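For reference, the structure discussed in these notes is given below.
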Amino acid sequence: MSGWYYRKIGLLDESTEGPISDAELLQLAHDGKLKLETLVCHESRTKGQWVKTGQIPAAKVQIEKGAAERQIANDEAVEAKRKEKQQKRLASEERKSAEAERRATIVQQAAEQKARSPVTQFLLDGQSEAVVTKVYTRVCEILTSAESIEYIAVQAKPIQIAPDCVVCTNRRLIIFCQKMLGQMVFHDYRWLDLHDAHISEGIMYAEISVVSLQGSKISIGYLPKSQARRIYRIAQEREEEMIELRRQRSMEESRAGASNVVVTAPAPQQVMPMNAEQPKTQDDPVAKLTKLKQMLDAGLIEQEEYAAAKAKVLSEM
């Protein structure tokens, strides 16, 4: 029987394949299905003897040629995969970079917008932005002309749904008490009517208190220490300003009272009858005003009482 036979060696058995033509033998050699050590046999070419494929020149050339082509193809495939991975990695890095730039832009825009927000200056000591924004909006609705907000402190009570707040303006001390259902009650006091600011610090929180001219004490606790110190500093500055303001007002009132006194030449002394009534000096408005000023300077009456009595005397003139 003419043709080529070759032995196919498997893991468990060995079989003989064939017959195949010269062209088929060379194709198998090129495709790598025949190795240099594969045994082949041909009735005339090998005289019926089994020889190694590598001993057949044409088959050996095809085996080497096929191996070289497969190596080139494999290298090209590996290079293609490497380039594909590199492109994917570059694309991924570009996407990450673009995403990082986008996020950085968003963060920067948010920071710029926040910096432009009027409440930003009141968030430097850990205050809640939501609470400060709410209080700031409400306070702006009640500000008088030439009045501005200087500081906002937020209570940090451990168990409290709506914390109370302290607002310092250049004219008033305002305490906001937040109630249920979003209601707010606020108490405001003029710095002119307050004095004796005091701060008391505990382990975690601090308390601020001031005294009104009427003697009542206003205090709020559970304030973060840094916020309480800011309020205390503002209260001290305002108290010094109000002391100077009260002093200037007192001097102006003294000058105004003195300007109403008319000095005249002494009148000729007249002899009055024994039964004639002496003039009542207590009805003299200048004497009354002088006496009231002396009582105010001695601390016997308050500024408000002095002002009311002075207005009454002037209205009777």
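Each reported figure results from applying straightforward, stated rules to the coordinates on display, with no laboratory input. Since this is a predicted model, take the numbers as computed values, not measurements. With ideal geometry, Cβ positions are generated from the backbone for all residues, glycine too; neighbour counts draw on all protein chains shown.
Couple of notes before you dig in:
- Contact order relative to length of the stretch 122-241, as percent, for alpha carbon pairs under 8 angstrom and 6 or more apart: 20 percent
- Spin-label model distance (nm) - VAL185 vs GLU69, 7 Å beyond Cα toward Cβ: 9.8 nm
- Listed by chain and number, the aspartates and glutamates whose C-alpha is less than 19 Å from the C-alpha of LYS88, apart from same-chain residues fewer than 8 away, are GLU76, GLU79, GLU99.
- Residues ARG190, ARG172, arranged from fewest to most other Cβ atoms within 10 angstrom of their Cβ, appear as ARG190, ARG172.
- Prolate/oblate/rounded call for the stretch 40-90, Cα gyration tensor, a/c under 1.5 rounded: prolate
- Positive minus negative residues near GLY66 (Lys, Arg vs Asp, Glu; Cβ under 10 Å): 0
- Where labels lie 7 Å past Cα in the beta-carbon direction, separation of ILE203 and GLN113 in nm: 4.2 nm
- A simple packing score, the average count of other Cβ atoms within 10 Å per residue, orders the peptides 83-96, 51-64, 301-314 as 51-64, 301-314, 83-96, with the highest score first.
- Checking the cross-link pairs LYS157/LYS217; LYS134/LYS225; LYS60/LYS85; LYS33/LYS65 against a 25 Å limit on the alpha carbon distance flags LYS60/LYS85 as lying beyond it.
- For the chain, with +1 on Lys and Arg beta carbons and -1 on Asp and Glu, the positive-most of ALA58, ILE149, ILE234 along the dipole: ALA58
- Relative exposure of ARG171, ARG82, judged by other C-beta atoms within 10 Å (fewest first): ARG82, ARG171
- Length added when fully stretched, ILE159-LEU213, from 0.36 nm per residue minus Cα-Cα: 16.1 nm
- Shape category assigned to the stretch 1-116 from the gyration tensor of Cα positions, a/c cut at 1.5: prolate
- In whole angstrom, the stretch 122-241 maps to an equivalent ellipsoid with semi-axes of 20, 18, 13, each derived as √(5λ) from the alpha carbon gyration tensor and ordered largest first.
- For LYS83, the aspartates and glutamates whose Cα falls under 19 Å of its own Cα, not counting residues fewer than eight places away in the same chain, are ASP75, GLU93, GLU94.
- Label assignment, Rg and Dmax of the Cα atoms in Å derived from the structure, set (i) 25.3, 90; (ii) 18.4, 59; (iii) 52.5, 183: (iii)
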